[in-house]
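Here is the structure we will look at.
Just so it is clear, none of the values below were taken in a lab; they were calculated from the coordinates. From a predicted model like this one, the values you see are computed outputs, not experimental measurements. So basically every Cβ, Gly included, is an ideal-geometry build from the backbone, and we count neighbours across all protein chains shown.
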């Protein structure tokens with residue numbers, strides 16, 4: 001039996017680790033050390049030559065450990081296992097999702113370059129694009145979910161920055177509206193503007209779906225990014241990020257990570273190794289629960305609209321075609337508009353008992369928040385209207401509790417909303 005014959009959920013238990021290395025410990029220990037001992041000076045020299053890019057690793061040359069800012073057993077085993085779900089050649093793990101995002105952007109963009117990005121994005125990413133990258137002379141161009149290939153190409157051409165386009169960055173499904181973006185279409189757009197000496201890279205934030213329900217690399221993405229805090233970590237007890245892609249791309253990212261010093265620590269690596277063992281059963285339970293919750297919400301008189309991917313059908317042909325092509329589930333994230341405005345949304349949130357009022361997503365517990373005033377507060381008011389991030393929009397991350405209890409909690413919170421009969425008609 002080998003990697004090719006076993007499913008990822010089976011490999012999560014032991015792949016990349018041999019108990020003989022650690023006194024027979026069945027689980028990988030926490031390597032809480034800053035530095036590692038070389039057997040010889042020649043070995044240390046060889047390790048540094050490869051780590052710092054002075055030369056390529058020779059065929060059959062086995063690399064060792066140097067310093068935990070560069071490599072650590074917990075991180076290396078974790079990175080090996082994370083590649084399995086997405087079918088990636090390599091992976092780099094970071095101390096937060098934003099450090100993963102920022103390192104990717106800083107590695108592939110320089111002053112004068114241009115990045116094209118989808119909107120809406122996670123609020124932190126959008127802030128970094130608009131308020132940090134622009135300070136370094138990097139141009140930003142935005143397109144909305146729903147734009148066609150030709151419309152996006154036209155947006156780039158009209159910007160007068162087409163010749164400097166270096167990266168397309170998308171988040172799909174979009175946070176918090178669940179709008180889908182066609183990954184293969186974006187790859188075609190990247191190829192349209194690429195030249196032999198100037199490739200345009202496609203980066204996809206896959207946090208909303210996690211490693212199970214969408215595999216961007218299989219649809220043309222060059223880089224996949226996760227806030228590993230979410231489904232990968234899954235227990236609201238660790239902050240981390242991960243980036244996956246080809247060996248060449250991840251080598252560049254790891255090199256910059258070494259000098260920025262934003263790699264994850266051994267405790268973070270160990271916690272994520274623990275979480276990967278239950279990733280599939282957790283996400284499957286969350287997805288089943290989300291469908292039950294969405295089916296309850298869609299028929300409730302105090303709900304105006306439900307954004308849930310499991311409801312897509314031929315009535316929305318563009319989104320449905322994307323869903324069939326690149327999604328493996330409806331996922332566990334949904335959002336909905338209550339009847340009323342911010343007041344009614346807050347009434348609902350303030351009366352939840354089992355579901356917690358908190359940001360973040362993908363953990364075992366269910367979480368609800370108000371995007372307009374919380375995760376997406378930084379967006380311009382006109383942008384919020386344009387993107388349907390309304391005052392009455394609630395975002396819900398569905399956990400692993402019994403779905404009947406979640407529905408009961410949502411039902412009693414909705415009963416606390418007092419609206420005029422005309423609004424319900």
Legend entry - Unit Cα scatterers, Debye sum, segment 1-142: log10 I(q)/I(0) for q = 0.13, 0.14, 0.17 Å⁻¹: -0.83, -0.93, -1.12
Legend entry - Estimated [θ] at 222 nm from DSSP helical runs (n ≥ 4, -39500 (n - 2.57)) normalised by residues in the chain, nearest 500: -11000 deg cm²/dmol
Inset, instruction - Taking all pairs of distinct Cα atoms, average 1/r, flip it, and tell me the Kirkwood hydrodynamic radius of the chain in Å to one decimal place. - result: 22.8 Å
Inset, instruction - Starting with the highest mean, order 269-282, 128-141 by the number of other Cβ atoms within 10 Å, averaged over the residues of each peptide. - result: 269-282, 128-141
Legend entry - Calculated FRET value between residue 57 and residue 15, using beta carbons and R₀ = 25 Å, to 0.05: 0.75
Inset, instruction - Compare 101, 339, 37 in a GNM of the chain, Cα atoms joined below 10 Å, and give the one with the largest fluctuation. - result: 37
Inset, instruction - Using only alpha carbon positions, build the gyration tensor of segment 99-190, then give the equivalent ellipsoid semi-axes as the square roots of 5 times its eigenvalues, largest first, whole angstrom. - result: 19, 17, 11
Inset, instruction - Determine one quarter of the surface area of the Cα convex hull of segment 354-393, which equals its mean projected area, and express it in nm² to one decimal. - result: 3.1 nm²
Inset, instruction - Just grab the label-to-label distance for residue 135 and residue 89, each label 7 Å out from Cα along the Cβ direction, in nm (one decimal). - result: 3.5 nm
Legend entry - Spread of Cα-to-Cα distances over 5 Å intervals beginning at zero, given as percent, for segment 296-425: 2, 10, 18, 22, 20, 16, 9, 2, 0
Legend entry - residue 35 versus residue 351: modelled label distance in nm, points set 7 Å from Cα along the beta carbon direction: 6.2 nm
Inset, instruction - Within 10 Å of each residue's Cβ, count the other Cβ atoms and sort 39, 392 from fewest upward. - result: 39, 392
Inset, instruction - Quick one: compute the contact order of segment 202-274, relative version, from alpha carbon pairs under 8 angstrom and 6+ residues apart, as a percent. - result: 25 percent
Inset, instruction - Report the full-extension gain for the segment residue 383 to residue 364: residue separation times 0.36 nm, less the Cα-Cα distance, to one decimal in nm. - result: 3.7 nm
Inset, instruction - Rank the residues 302, 27, 144 as a footprinting-exposure proxy: fewest other Cβ atoms within 10 Å of their Cβ go first. - result: 27, 144, 302
Inset, instruction - Note down the Stokes-Einstein diffusion coefficient of segment 168-222 in µm²/s, whole number, using a Kirkwood radius over alpha carbon pairs, 37 °C, and 0.692 mPa s. - result: 283 µm²/s
Inset, instruction - Relative to the compact-globule scaling 2.2 N^0.38 Å, provide the ratio for the alpha-carbon radius of gyration of segment 119-163. - result: 1.25
Legend entry - Average Cα contact separation per residue, segment 279-424, under 8 Å, 6 or more apart, as relative contact order %: 30 percent
Inset, instruction - Have a look at the DSSP beta bridges in the chain and tell me what percent are antiparallel, nearest 5. - result: 55 percent
Legend entry - Per-pair calculated FRET efficiency, R0 = 56 Å: residue 195 and residue 404 via Cβ, rounded to 0.05: 0.50
Legend entry - Distribution of pairwise C-alpha distances over segment 291-363, 5 Å bins, in %: 3, 13, 19, 24, 19, 11, 9, 2
Legend entry - Ranked by how many other beta carbons lie within 10 Å on average, peptides 312-318, 57-63 from highest: 312-318, 57-63
Legend entry - Neighbour-count order for 369, 404, 284, fewest beta carbons within 10 angstrom listed first: 404, 284, 369
Inset, instruction - Considering only 38, 94, 323, give the residue with the highest GNM mean-square fluctuation for the chain, with springs between Cα atoms whenever their separation is below 10 Å. - result: 38
Legend entry - Calculated P(r) of segment 198-273 - Cα pairs past 21 Å, %: 32 percent
Legend entry - Relative contact order (%) - the chain, alpha-carbon pairs under 8 angstrom, separation at least six: 16 percent
Legend entry - Pairwise Cα inverse-distance average, inverted: Kirkwood Rh of segment 75-139 (Å): 13.4 Å
